[in-house]
1. Between LEU318, LEU333, LEU322, LEU339, which is free of Cβ contacts under 8 Å to residues at least 24 places away in the same chain, in a helix (DSSP H, G or I) and among the aliphatic types (A, V, I, L, M)?
2. Under 7 Å between Cβ atoms, which residue pairs at least 6 apart in sequence (or on different chains) link something in segment 124-148 that is under 17 Å from SER177 (Cβ atoms) with a partner that is of a type in the set (Asp, Glu)?
3. Search segment 190-208 for residues that are under 13 Å from LEU176 (Cα atoms) and pair each with any residue that is part of a loop (DSSP other than H, G, I, E, B) when their beta-carbon atoms are under 8 Å apart and the residues are at least 6 apart or on different chains.
4. Output the number of residues of segment 156-168 satisfying the condition of being in a helix (DSSP H, G or I) and touching a residue at least 12 places away in the same chain (Cβ under 8 Å).
5. Based on this model, can you work out whether ALA226 counts as free of Cβ contacts under 8 Å to residues at least 60 places away in the same chain, touching a Lys or Arg at 6+ places or on another chain (Cβ under 8 Å) and closer than 15 Å to LEU247 by Cβ?
6. Is there a residue being in a helix (DSSP H, G or I), within 60 Å of the chain's Cα centre (by Cα) and modelled with pLDDT under 75 anywhere in segment 22-29?
7. Those residues that are among the basic types (Lys, Arg) and under 16 Å from TRP352 (Cβ atoms), I need them from segment 299-334; list them, please.
8. Taking segment 197-219, which residues are among the charged types (D, E, K, R) and either surrounded by 17 or more Cβ atoms within 10 Å (Cβ to Cβ) or outside any helix (DSSP H, G or I) (or both)?
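The values are calculated or read from the model by the stated rules, or taken from the named source; none is laboratory data. All figures in this text were calculated on a predicted structure; none of them were measured in a lab. Here the Cβ positions follow ideal geometry from the backbone for every residue, glycine too, while neighbour counts run over all protein chains shown.
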Amino acid sequence: MNLFRNLLVWILLAIIGALAWHLLAQDPGYVLVRYRGWDYTTNLLWVSVAVLAGLFVLWLLWSLIALPMRAWRHRRERQSRERLGSGLEALHQGHYARAEKLLPQAAEDSDAAVARLAAARAATARGDHAAARSHLDAIDSGHALTRAIGRAELALAEDRPTDALVALDDPNAQPLSPRGLALRADAYAASRRAADAYALLGALRQQQALPEGALAQRERVWAAQALAEAGDANALADRWESVPKGLRSEPEVVAAYADRAAALGWDDAATSSIEHALDTRWDEDLAARYGRLPIARVEHREAAAQRWLQQRPGSPALLLTLARMARARGDWLQAEDHLQRAIAQGAGPEAWEELGDGHAATGDDTTARIAYANALRMQRGEPVTPLANRSPGLGGERLEGL
């Protein structure tokens, strides 16, 4: 492209020269120069040649005078590029102090926003957030988007999502780049505005701001968070309807909806959501949560758990859920039996804690203390203490040991 442009310029100059020569050849003109008694006559052709020669001499003199300045400027630019390259390499290698020393020098010479941004990241890696903010503030307004993204990253690292949103709302930084959109969504989620973050998923996918796996993970998290943040029943219903069908069987999403529905008094919605999810795809954590729902539909939930237990007789989560249902009905003997089976199947600290609650309610403080202690031991990864062989006054079989 440069060759074509240069060729076009030379062709135009040649045409102009040919036209000028043709005009001067027809009438060379007459030029009289009188100065302090001296008269000098010539024609227009030689005057044109003299003017061009004079301009060439002036250009040559200016080039000679400016040569040291140009050499000095080129040397500074070369040093700036070397500092920038060395600073970025030092940042990559983890020499943060050296990187922070080299990169601002490169920025001073070339006013490079990338050098300031890299210096801010080096300061952040050293834990000096004040210096990082100083480097970011030094980025000129011509790189407002780069400056806004750097400020948002630093604000999120300092758990200041509102400040991150303020930085990204800078009018000079619009429209946001894919990285800016991703940071805005993360800031929304960190500000307990997960519904706004979820609404940006379409734009994030369109601009390929994040890998699909990361977007899918954020979609699950933001959907669950938005459901948990629903202020009333109408908002909860609207957000649940906006969740894709594929996510309505994801354990964390279903758990968030069920917990919020139960808190709002939607017992049917809370139970049916978990039942549908477990019928679609089994999940032990969700089955255990089914027994923890703070609602009164004990018989209904117990019947559903019994139905699932026929298909998965060794599920510790189902046995724990059935134990809770039995306790809620006041049948401690059956609850204890379910708990012992759950512990034998590898149930965690929750089962031991439930066992301790049951024994404490029946007045068996000794066994309750052992069960509570076992719950703590399991959380610490320590071996549990076996219970006594039989329970006096109850006639039920105890766990011999685990």
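1. Being free of Cβ contacts under 8 Å to residues at least 24 places away in the same chain, in a helix (DSSP H, G or I) and among the aliphatic types (A, V, I, L, M) holds for just one of LEU318, LEU333, LEU322, LEU339, which is LEU339.
2. ALA144/ASP170; ALA148/ASP170
3. ALA203/ALA209; LEU204/LEU210
4. Of the residues in that region, 9 qualify.
5. yes
6. Checking segment 22-29: not a single residue is in a helix (DSSP H, G or I), within 60 Å of the chain's Cα centre (by Cα) and modelled with pLDDT under 75.
7. ARG324, ARG327
8. ARG218, GLU219
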